[in-house]
Amino acid sequence: MVTASIVIYKEGLKTLKTTIDSFLNTPLEKKLYLIDNSPKNEFEYKFKHQDIHYVFVGKNIGFGSAHNLVLGKIDSDFHLILNPDVSFSKEVIPNLIHQFTKEENTSLVAPKVIYPNGKPQFICRKHPTLFDLINRKLKLSQKQISKREYRNQDLTKPFYPDFIHGCFMLFRTQDFINLKGFDERYFLYMEDADICRRIDIIGKKMLYFPEVEIVHQYQKGSSTNVKLFFYHLNSAIKYFLKWGI
């Protein structure tokens with residue numbers, strides 16, 4: 001069985017429906033937790049389905065805290081952390097689960113991610129440093145960005161990166177529970193980098209598996225929205241205070 005959680009906050013209905021349909025089309029026993037951080041309860045009656053459990057929070061408690069609401073509810077073999085702006089074919093999750101059966105010491109697997117125009121998103125990263133975040137913002141060294149995103153190796157083949165960017169993170173459910181989900185000190189951003197660090201600490205790995213792919217719209221909100229930029233900055237400060245620079 002596979003469960004999934006999507007955290008929503010004032011999402012566009014069309015894009016969200018595409019994401020939900022992608023998951024519901026998966027030919028496995030499944031349940032989707034739709035966790036609504038929006039101020040108004042607008043989605044409960046738009047997504048009535050036997051495989052959807054809708055949770056209205058009533059306020060924006062943050063990305064990680066909202067995903068963690070499922071920790072006491074999921075009893076699946078695998079749990080998917082899913083962004084609300086992703087689409088994929090019905091074979092993606094079964095293929096990733098099949099790969100999991102070959103990976104005894106792996107807690108997390110993620111597919112290749114592309115933009116709607118077909119260009120790749122470089123979701124594999126080295127563990128972030130302070131210079132990495134500054135460099136990505138100011139574009140001081142494209143060579144360094146490429147190196148930190150593993151662009152100097154063959155990204156058509158599976159490998160184990162330090163950190164996988166979190167728009168589609170398929171966990172072994174028990175590992176996600178044992179990790180106690182995301183660190184709730186991060187309101188938004190950096191919680192995916194943090195949980196990858198904690199996977200390292202328990203002696204397990206993360207697998208990038210590019211033989212299947214998904215489409216992610218990826219808005220890069222913190223690059224254009226001042227409020228989101230300060231959320232990102234605040235999370236980065238917490239991350240480096242915890243893990244060092």
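Per-structure values
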quantity: Residues of segment 38-72 satisfying the condition of being assigned to a loop (DSSP other than H, G, I, E, B), free of Cβ contacts under 8 Å to residues at least 24 places away in the same chain and aliphatic (A, V, I, L, M); calculated: Val57
quantity: Criterion: within 15 Å of Met206 (Cβ to Cβ), at pLDDT 95 or above and over 14 Å from the mean Cα position of the chain (by Cα) - qualifying residue of Lys73, Lys126; calculated: Lys126
quantity: Failed criterion for Lys102 (all others in (1) under 24 Å from His165 (Cβ atoms); (2) within 19 Å of the chain's Cα centre (by Cα) hold); calculated: (2)
quantity: For Pro116: the one exception among (1) in contact with a strand residue (DSSP E or B) (Cβ under 9 Å, 6 or more places away or on another chain); (2) under 26 Å from Tyr231 (Cβ atoms); (3) not in a loop (DSSP other than H, G, I, E, B); calculated: (3)
quantity: Output for segment 166-190, where each listed residue is in a helix (DSSP H, G or I) and hydrophobic (A, V, I, L, M, F, W, C); calculated: Phe176, Ile177
quantity: Total residues in segment 109-122, condition within 29 Å of Phe176 (Cα to Cα) and either in contact with a Lys or Arg (Cβ under 8 Å, 6 or more places away or on another chain) or free of Cβ contacts under 8 Å to residues at least 60 places away in the same chain (or both); calculated: 2
quantity: Subset of segment 191-206 that is touching a Ser or Thr at 6+ places or on another chain (Cβ under 9 Å) and assigned to a loop (DSSP other than H, G, I, E, B) - its residue that is nearest to Ser107 (Cα to Cα); calculated: Lys204
quantity: His79 vs. criteria in a helix (DSSP H, G or I) and either within 16 Å of Val212 (Cα to Cα) or of a type outside the set (Asp, Glu) (or both); calculated: no
quantity: Filter pass, Lys48 being modelled with pLDDT under 95, surrounded by fewer than 18 Cβ atoms within 10 Å (Cβ to Cβ) and within 25 Å of Asp75 (Cα to Cα); calculated: yes
quantity: Residue tally, condition in contact with a His (Cβ under 6 Å, 6 or more places away or on another chain) and among the hydrophobic types (A, V, I, L, M, F, W, C), over segment 19-51; calculated: 0
quantity: Segment 6-31, subset touching a Leu at 6+ places or on another chain (Cβ under 7 Å) and assigned to a strand (DSSP E or B), residue farthest from Ser89 (Cα to Cα); calculated: Ile8
quantity: Members of segment 216-245 that are of a type in the set (Gly, Ala, Ser), buried (at least 16 other Cβ atoms within 10 Å of the Cβ) and modelled with pLDDT under 90; calculated: Ser222
quantity: Any hit, segment 120-133, residues being surrounded by fewer than 16 Cβ atoms within 10 Å (Cβ to Cβ) and assigned to a strand (DSSP E or B); calculated: yes
quantity: Per-region count, segment 157-210, residues of a type in the set (A, V, I, L, M), touching a residue at least 24 places away in the same chain (Cβ under 8 Å) and surrounded by fewer than 17 Cβ atoms within 10 Å (Cβ to Cβ); calculated: 2
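So that you can scan it fast, the table gives a plain yes or no per residue for (1) farther than 16 Å from Lys205 by Cβ; (2) crowded, with 20+ Cβ neighbours inside 10 Å; (3) of a type in the set (Gly, Ala, Ser):
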{"residue": "His79", "(1), (2), (3)": "yes, yes, no"}
{"residue": "Leu82", "(1), (2), (3)": "yes, yes, no"}
{"residue": "Asp85", "(1), (2), (3)": "yes, no, no"}
{"residue": "Glu91", "(1), (2), (3)": "yes, no, no"}
{"residue": "Ile97", "(1), (2), (3)": "yes, no, no"}
{"residue": "Leu108", "(1), (2), (3)": "no, yes, no"}
{"residue": "Tyr115", "(1), (2), (3)": "yes, no, no"}
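The values are calculated or read from the model by the stated rules, or taken from the named source; none is laboratory data. None of these values were measured; they are calculated from a predicted model. So basically every Cβ, Gly included, is an ideal-geometry build from the backbone, and we count neighbours across all protein chains shown.
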